[in-house]
Amino acid sequence: MRVVVLTGAGISAESGVPTFRDAGGLWEGHRVEDVATPEGFARDPDTVHRFYDARRRAAAQAEPNPAHLALARLEQLLGDDFLIVTQNVDDLHERAGSERVVHMHGDLFMALCESCGDRSPHSADLIERPPCPNCGERMLRPDVVWFGEMPYELDRIDEALVRCDLFAAIGTSGGVYPAAGFVMVATEFGARTIELNLAASEITPLFDEVRHGPASIVVPEWVE
Ligand code: BV8
C-alpha cells in the first residue's frame, strides 16, 4: 500500500503555529500575497525578513502534536511506501521523527543566497543580513517558495502521486496550486483519496472520504 500525505498549516495549528487563514491573510497590515512574493521582498526586504524571522522564532518554540507523531508512526510501518509532501515551512514533521518529508514550499530553517544560489541551514534572524557561508555576500533570503516561484521537487512529488494507492490531505485550505491539484492527479491514477481537516476546504468535493475535526484527534484515529 503506497501512501502520499499532503500537509498544510492546519496540522501545525495545535502546536501553536498560526495558519494563514487565522492571520486573516495579513501580516503587519500587509496581505500575505504581498509579503510572500519576490516583488514584495525586493520592495521591502525588512518587512519580509521581520515576517519570516518572527515565524522562524515561533516555529522553533513549537512542539510536534499527536498528528505529526501519528504520521511518523505510519512512516515506521510503511517505510519507502510512505511520503509526506508538506506545504509547511516549519520542521515539526522532522522533529516528530518523520524522515521522508518533501518541503515543496521550502523550509524556514534554510537560507538561500541571492548572490551564489547556495542553500544552507540557518536558524537565526536574517534581518541583520548575515554573510552567506559560501560566498560571504550579505544577500541571504529565507529558502521558502514565494507566490510565482517554482515549488521544490515537483518531479519527485508527481512520481509519488502517480504511483500511490492512497492520497490524504491534512490541514490545508486547498487554495494554492499546484498543491491543491494533487488530489486530482492521484484520483486520475487510481488512488483512493481522503481529506482530514477541521472544516470543509476548497477541494473537499474532490475526495472519496472526508473526516472533519482537529488534526490531533482525526489523524491518530485515521492512522490507527
Ligand atoms: C507556481 C511558503 C509556477 C511561504 C506558500 C490562478 C489559478 C491557479 C494558480 C495560480 C493562479 N494565480 C497564481 C497562481 C499560482 C499560485 C497560486 O496558487 N496562487 C493562489 C493564491 C491562487 N501558486 C504559486 O505561485 C506557486 N508556484 O505556481 O509556480 C508553476 C506552474 C505550474 C506548475 C508548477 C509551478 C507557489 C505557491 C507557494 C506560495 N508559498 N508558502 C510561506 O509559508 O510563507 S503558500 C502557503 O499558503 C502555504 O504553503 C500553503 O500552500 C498555502 C495555503 O496554506 P494552508 O497550508 O492551506 O493553510 P491555510 O491557513 O490556508 O488553511 C489552513 C487549513 O487548516 C484550513 O483548511 C483550516 O480549516 C485547517 N485547520 C485549521 N486548524 C486545524 C485545521 N485542520 C486540522 N486541525 C486543525 N487544528
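The values are calculated or read from the model by the stated rules, or taken from the named source; none is laboratory data. Every value quoted in this text rests on a predicted model; they were computed, and no experiment measured them. Cβ placement follows ideal geometry from the backbone for every residue including glycine, while neighbour counts extend to all protein chains displayed. Please note that ligands, DNA and RNA were not included when accessible areas were found on the heavy atoms of the full protein model with its side chains. Shrake-Rupley method; radii C 1.70, N 1.55, O 1.52, S 1.80 Å.
Quick look at the values:
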read-out: Crossing angle, helix 66-78 versus the chain [Cα axis fit, 0-90 degrees, rounded to tens]; value: 60
read-out: GLU149 versus ASP208: modelled label distance in nm, points set 7 Å from Cα along the beta carbon direction; value: 3.6
read-out: Cysteines in the chain that, by Cβ-Cβ distance, have no pairing candidate under 4.7 Å; value: CYS164
read-out: Where the chain is the region considered: accessible area per residue in Å², 1.4 Å probe; value: 47
read-out: Overall Cα dimensions of region 124-224, principal axis frame, Å, largest first; value: 51, 29, 25
read-out: Lys, Arg +1 and Asp, Glu -1 on Cβ, resulting dipole of region 89-224 about Cα centre, debye, nearest 20; value: 120
read-out: Cα-Cα P(r), region 63-179, percent of pairs per 10 Å interval; value: 12, 38, 33, 15, 2
read-out: For q = 0.16, 0.19, 0.21, 0.32 Å⁻¹, Debye-computed log10 I/I(0) when each Cα of region 75-118 counts as one equal scatterer; value: -0.50, -0.64, -0.73, -1.14
read-out: Between region 7-23 and region 175-224, the alpha-carbon center distance in angstrom; value: 16
read-out: Protection proxy ranking, peptides 35-44, 82-91, 178-187, average beta carbon neighbours within 10 Å, highest first; value: 82-91, 178-187, 35-44
read-out: q = 0.12, 0.14 Å⁻¹, the chain: log10 I(q)/I(0) [Debye, one scatterer per Cα]; value: -0.64, -0.86
